[in-house]
1. Extension gain residue 252-residue 29, at 0.36 nm per residue separation less the Cα-Cα distance, in nm?
2. How big is the shadow of the Cα convex hull of region 5-113, averaged over all directions, in nm²?
3. With a Cα-only, solvent-free Debye model of region 1-50, what are the log10 I(q)/I(0) values at q = 0.13, 0.32 Å⁻¹?
4. Report, in degrees rounded to the nearest 10, the 0 to 90 angle that the Cα long axis of helix 117-131 makes with the longest principal axis of the chain.
5. With angles folded into 0 to 90 degrees, how steeply does helix 255-273 sit against the dominant principal axis of the chain? Use alpha carbons for both and round to 10.
6. Could you state, as a whole-number percent, how many of the C-alpha pairs of region 152-245 are farther apart than 19 Å?
7. Compute and list, largest first, the equivalent-ellipsoid semi-axes of region 117-273 from the alpha carbon gyration tensor, each √(5λ) rounded to a whole angstrom.
8. In degrees, nearest 10, range 0 to 90: what is the angle between the Cα axis of helix 91-101 and the longest Cα principal axis of the chain?
Amino acid sequence: MGHKYQIHLISDSTGETLDRIFVALKSQFLNFDYEKKEHIFIRTESQIDKIIEESKKKNSIILYTIVETKLAKYISHRCDEKKIPNFSILGNLMLNFSKLLNKRATHTPSAQHVLDEDYYKRIEAIQFSITHDDGMRVENIKEADIILLGVSRTSKTPTSIYLANRGYKTLNIPLIENQKIPKILMEKPNDYCVVGLNVEAQRLCDIRTNRLETMNEDRIANYSDLDFIQNEIANSKKLFKKYNWPVIDVTRKSVEETAASVIRIFDIKKEKKK
């Protein structure tokens, strides 16, 4: 039986970056028993002292993203004093990057959250994707960076929102009986970044059955019928093939993995247009 670890994530900002890094890190270790505690907007030595005092009593590991040099050194020194394993996530990377660029880092906390052009681009993309979800306002299709097509419950909405957070205006259209695809997509299928989302029939059947049971939704007849679903998927595949639209099988993909594949397709198409 392994030890249970107390993982302390210390950040001088929102902690989002550090949390994502930890998620990636822990996924590489099976049966990793831990309890996570996040400490955000940590910017004083007294705050550090309180965390160190709490950490020394348990089987603790400290990970931190502190960009202010003096405070980062203070954490390292105090942890070493108390023999607490500690790792600076950005320290060496920032130092090496600084040497490579021959520029000094500003060491400004929350610098990534500055209200710059990229920030407003993401906000605009999020607003666009929300108002163009599930086949709404398809008349604005020319404004979209990416168009997702797929039968119901193929992760179109969460993928759209994730892409929007990356700054891509995303419009998604469900392939259902009463939803028509805009003519412009069929007339000029190569002018837009259209991506089809597909899923295994049995998996989709399970998802839809569970959806009906938990949400008590009114849906079209045969919504969760396997034969009906197989026919839906077959028709969607024919459509994607007819217009030579790339397809992503989302059966065993997370939203993040699906979005990464979509972005690759977008970049390739963008490169070809140059």
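Values quoted throughout were computed directly from the atomic coordinates according to the rules given, and no laboratory measurement underlies them. If you're wondering where the values come from, they're calculated on a predicted model, not measured in any experiment. Backbone-built Cβ (ideal geometry, glycine too); neighbour counts: all protein chains shown.
1. Working it through step by step, the gained length comes to 78.3 nm.
2. Result: a mean projected hull area of 7.1 nm².
3. At q = 0.13, 0.32 Å⁻¹ the computed log10 ratios are -0.37, -1.21.
4. Here the helix axis deviates by roughly 40 degrees.
5. Tilt of helix 255-273: around 70 degrees.
6. When all Cα pairs of region 152-245 are counted, 48 percent exceed 19 Å.
7. Semi-axis lengths for region 117-273 are 25, 18, 15 Å.
8. Roughly 80 degrees between the two axes.
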